[in-house]
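Novice: So that we are looking at the same thing, I have put the structure below in structure tokens.
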């Protein structure tokens with residue numbers, strides 16, 4: 001199935017969801033859950049937290065899918081819902097940490113023995129949230145510069161500069177062990 005057919009199938013699936021078809025929503029989850037999990041996992045440090053946030057995202061999608069005016073824009077809308085859910089979670093965690101007056105541990109001090117994918121994941125976990133977001137949306141979720149800008153609510157030029165800076169920061173975070181001879 002080529003990209004145009006895939007887009008049409010997704011648009012029809014969104015319309016079916018908007019009409020309240022439970023099977024369509026199950027199909028939507030089946031097609032997007034892995035991508036959303038990977039996106040959210042890159043933004044939070046804990047797998048259990050990722051699953052909880054993913055469930056929150058699907059609840060928000062279920063409640064809000066009727067508001068999607070253009071089904072072609074569903075992927076951007078979906079990533080915005082996921083991002084907003086994660087940002088709300090981070091704000092709650094930050095407020096809770098401030099109340100407890102505790103320090104948050106760095107999620108990944110042990111970088112020995114990682115293969116390339118694990119090394120990139122580890123490097124991403126060490127970056128600030130804006131850098132993780134832009135890299136994850138653009139490279140791991142294959143969103144265009146314009147789509148990434150729309151999800152993040154920033155101009156495309158800002159996305160480009162953040163990508164440039166975030167790629168350099170990722171290289172620095174991975175360090176010399178990220179080289180071809182490890």
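Novice: R0 = 41 Å: FRET efficiency of residue 59 with residue 161, Cβ-based, nearest 0.05? If you can, show how the numbers build up before the last one.
Specialist: Working: r = 34 Å, r/R0 = 0.84.
In this case the efficiency is close to 0.75.
Novice: Would region 1-45 count as rounded, prolate or oblate if I go by the C-alpha gyration tensor, calling it rounded below 1.5 in a/c and otherwise prolate when a/b exceeds b/c, oblate otherwise?
Specialist: Values: a/c = 3.10, a/b = 1.52, b/c = 2.03.
Judged from the Cα gyration tensor, region 1-45 comes out oblate (a/c at least 1.5, b/c at or above a/b).
Novice: Which order results if 10, 53 are arranged by neighbouring Cβ count within 10 Å, fewest first? Please report the intermediate quantities before stating the final value.
Specialist: Working: 10 17, 53 22.
Placing the least packed residue first, the sequence is 10, 53.
Novice: When a footprinting reagent is the concern and you count Cβ atoms within 10 Å, what order do 6, 67 take, fewest first?
Specialist: Numbers: 6 11, 67 8.
Listed from fewest to most nearby Cβ atoms, that is 67, 6.
Novice: Also, quick follow-up: Assuming 0.36 nm per residue, please report the length gained on full extension of the stretch residue 26 to residue 7 beyond their Cα-Cα distance. If you can, show how the numbers build up before the last one.
Specialist: Working: separation 19, 0.36 × 19 = 6.84 nm, distance 1.77 nm.
Here the segment from residue 26 to residue 7 would lengthen by 5.1 nm.
Novice: What full-extension length gain, to one decimal in nm, is calculated for residue 48 and residue 144 as 0.36 nm per residue of separation minus the Cα-Cα distance?
Specialist: Roughly 31.6 nm would be gained on extension.
Just so you know, all these numbers are worked out from the coordinates, no wet-lab data involved. These numbers were taken from a predicted model, which means no experiment stands behind them. In this analysis, Cβ positions are derived from the backbone assuming ideal geometry, glycine residues included, and neighbour counts consider all displayed protein chains.
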